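Written below as structure tokens is the structure these notes are about.
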């Protein structure tokens, strides 16, 4: 009989509802695994670095009394997860990846944490993120770097790197995460997982609509397409096929998830396009390495063999994108709550520079930039309108070794992030949905090889088609059967 962590999230949910395992047993199983792999007793140079805080006492207390708190009909009843360290949870250390909040214990929980609670999930603690989620890698001054479970000399990507590392190492069945420029898809791809960046506004508790340029949204990281759809349906808080913003005691049954249905059935023939080039080609020398290209070639050959229509397209009107996105990246740091010299000194060097540059931007510059990005969004949506999904590499190159990012120069650091993932940030700007799925494994990179995936970008609100296509690929490649040694 497989161990609990070897089961998919849906299989664990089924075991809970059949009474084969109780919430407390499942929670303790994962807490014990975390302690062995990533606990405080593990030396920093050996730790996975996936978690920044573990709330054993709180998790065990909730799991033991879960039946009195949430009905068994709740959609995620008894399933463990962890909050990204950008999501406040009352009573749990929440540091936003920064020394500025090193002792911060919130008294109120953010909406996304409450959504997961209402669905019956049990939070085990906090997953690692870079300072304020600003970067596409996961290192910070508050703890050890987050290592890639496939090759611990390399990073796990970011900014949801802790979540991805934990799921890949079977320390969590799945994880809610957030994505403002690739922060779900980059680490999911680096760790051989499924990661979904939903359409802007789809997840009410983290819609992106209230943020600068509408970039950051919440979505799932999971081992399988069905598990990702299962979690996303619950993050949306659907009830009888509609989004329900009210607190309800009776959560939806698992069969009520419309996206899960598409992920399970995996039906349909679709019109697809392969994107040639990136929005950054006029700014940097973008190179797609052999492993990343092999992933695209393998996916395209497989999809074509299934009868999907496939053609190649370029990307017009992209020359305005690099400067505009770079400006928004700087502007997004302006709201970091560091005002005094003492507070600014607690920030990492690059973050401090970005805060200063962001605050120096004029309102006129910011408005002009937002207008440029709005026109770019309209252009891209029009160019992609004829296709159910547009295919790109998830990452342009394998995750680079820990310690490789320039932590002093914002310009060089930004360039490195773009060279890693030149196809992700423009999806946030356009508000389109996207999913990354592993389709290839590159041998000879690290002791176990490294996964490589493809990104599927959908139409506005086109998550259903993305899940169906991803499910078809999953059936061909069986990627969930491949597990890093640390996860066994």
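Each reported figure results from applying straightforward, stated rules to the coordinates on display, with no laboratory input. Only a predicted model underlies this, so the values are computations on that prediction, with no experimental measurement involved. Ideal geometry is used to build each Cβ from the backbone, glycine not excepted, and the neighbour counts take in all protein chains shown.
Tell me, what is the percent relative contact order of the range 308-404, built from C-alpha pairs under 8 Å that lie six or more residues apart?
36 percent
Remind me, relative contact order of the chain in percent, using alpha carbon pairs under 8 angstrom and six or more residues apart?
Relative contact order comes out at 17 percent.
As a test of the formula, what do you get for the chain when each DSSP H run with n ≥ 4 contributes -39,500 (n - 2.57) and the sum is divided by the residue count, at 222 nm and rounded to the nearest 500 deg cm²/dmol?
Value at 222 nm, helices only: -11000 deg cm²/dmol.
What ranking do 263-270, 162-169, 431-438 get when scored by the average of other Cβ atoms within 10 Å per residue, highest first?
162-169, 431-438, 263-270
I'd like the distance between the alpha-carbon centres of the range 182-213 and the range 1-72, rounded to an integer number of Å.
Cα centroid of the range 182-213 versus Cα centroid of the range 1-72: 24 Å apart.
Treat the count of other C-beta atoms within 10 Å as a stand-in for reagent exposure and order 62, 326 from fewest to most.
Lowest count first: 326, 62.
For 84, 197, what ranking results if the residue with the fewest other Cβ atoms within 10 Å of its Cβ goes first?
Listing 84, 197 from fewest to most nearby Cβ atoms yields 84, 197.
Among 224, 107, which comes first, second and so on when ranked by fewest other beta-carbon atoms within 10 Å?
With the fewest neighbours first, 224, 107 line up as 107, 224.
May I ask you to compute the full-extension gain from residue 320 to residue 209, defined as 0.36 nm times their residue separation minus their alpha-carbon distance, rounded to one decimal in nm?
37.7 nm
For residue 72 and residue 407 in the same chain, what is the full-extension length gain: residue separation times 0.36 nm, less their Cα-Cα distance, in nm?
Here the answer is 115.9 nm.
If you restrict to DSSP beta bridges whose two residues both lie in the range 4-487, what percentage is antiparallel, to the nearest 5?
Roughly 75 percent of the DSSP beta bridges within the range 4-487 come out antiparallel.
Enter the per residue convex hull volume of the chain, computed from alpha-carbon coordinates, in Å³ rounded to the nearest integer.
So the per-residue Cα hull volume is 133 Å³.
Tell me, in nm to one decimal, what length is gained between residue 400 and residue 306 on full extension, where the rule is 0.36 nm per residue of separation less the Cα-Cα distance?
30.4 nm is the gain from fully extending residue 400 to residue 306.
Go ahead and collect, in residue order, the members of the range 147-189 whose backbone nitrogen is under 20 Å from a label point 7 Å along the Cα-Cβ direction of residue 485.
Those under the cut-off are 147-156, 165-171.
Of all DSSP beta bridges located in the range 1-160, what percent are antiparallel, nearest 5?
Of all bridge pairs located within the range 1-160, approximately 60 percent are antiparallel.
Just to confirm my numbers, what's the Cα centroid distance between the range 431-469 and the range 344-423 in Å?
If we compute the Cα centre of each part, the gap is 20 Å.
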